[in-house]
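Worksheet for the structure shown next.
A short reminder: the numbers here are calculations on the coordinates, not readings from a lab. Since this is a predicted model, take the numbers as computed values, not measurements. Neighbour counts run over all protein chains shown; Cβ positions are idealised from the backbone, glycine included.
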Amino acid sequence: MSAVSLTSRTTRAVSGAVLVAGLLCGVAACGDGTQSVQTEGVGTKSKGTQSRAPWQEPDSYTYTLQSSAGERTLLGTFRITVRDGAVAEAVGLDESARRIVKDIPDAVPTIGELLDELEQARRDDADRAEARYAADGHPVRISVDWMENAIDDEALYVISAYKPAN
């Protein structure tokens with residue numbers, strides 16, 4: 001086999017791989033169109049700007065919280081019901097969350113309390129304090145890293161299945 005035909009085959013294989021990767025990325029970027037997300041506070045030492053839609057936490061709603069990263073008490077996946085501005089019911093959806101609901105039920109937060117933690121991180125000059133918001137303004141992801149080079153001080157909250165009671 002000549003060097004020219006080997007190079008042509010390699011070039012075609014690489015081109016094909018790039019084309020497939022590009023198509024996959026394009027399809028993934030399309031999403032399902034159900035949620036528009038805005039980001040606030042992206043990057044290191046980011047504090048964010050008020051680029052999100054205004055959102056007023058309702059008195060009553062339900063949501064699913066996946067809390068991960070770092071070594072903290074609040075780790076796991078929870079289904080949370082808020083009534084009159086306070087957590088009325090929390091169901092642990094995994095072993096860690098069930099343990100927290102049983103042993104430390106007051107550790108389960110409202111969305112407002114998660115936003116308070118984000119704002120406190122910004123005031124305390126955390127290396128990263130970021131949030132992404134849905135089109136209606138409620139957060140869908142909150143990420144805090146108090147010190148970039150410290151181990152296990154991060155917090156990541158992913159909020160899904162948010163539904164106001166009204």
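Some points to look at:
- As a ratio to 2.2 N^0.38 Å, the alpha-carbon radius of gyration for region 71-130 is 1.22.
- Backbone N under 19 Å from the Glu89 label point (7 Å along Cα→Cβ), restricted to region 102-140: 102-111
- Mean projected area in nm² (Cα convex hull; one quarter of hull surface) for region 112-166: 4.2
- Loop-located GluC sites (Glu not before Pro) in region 67-99 whose Cβ has at most 15 other Cβ within 10 Å (DSSP): Glu71
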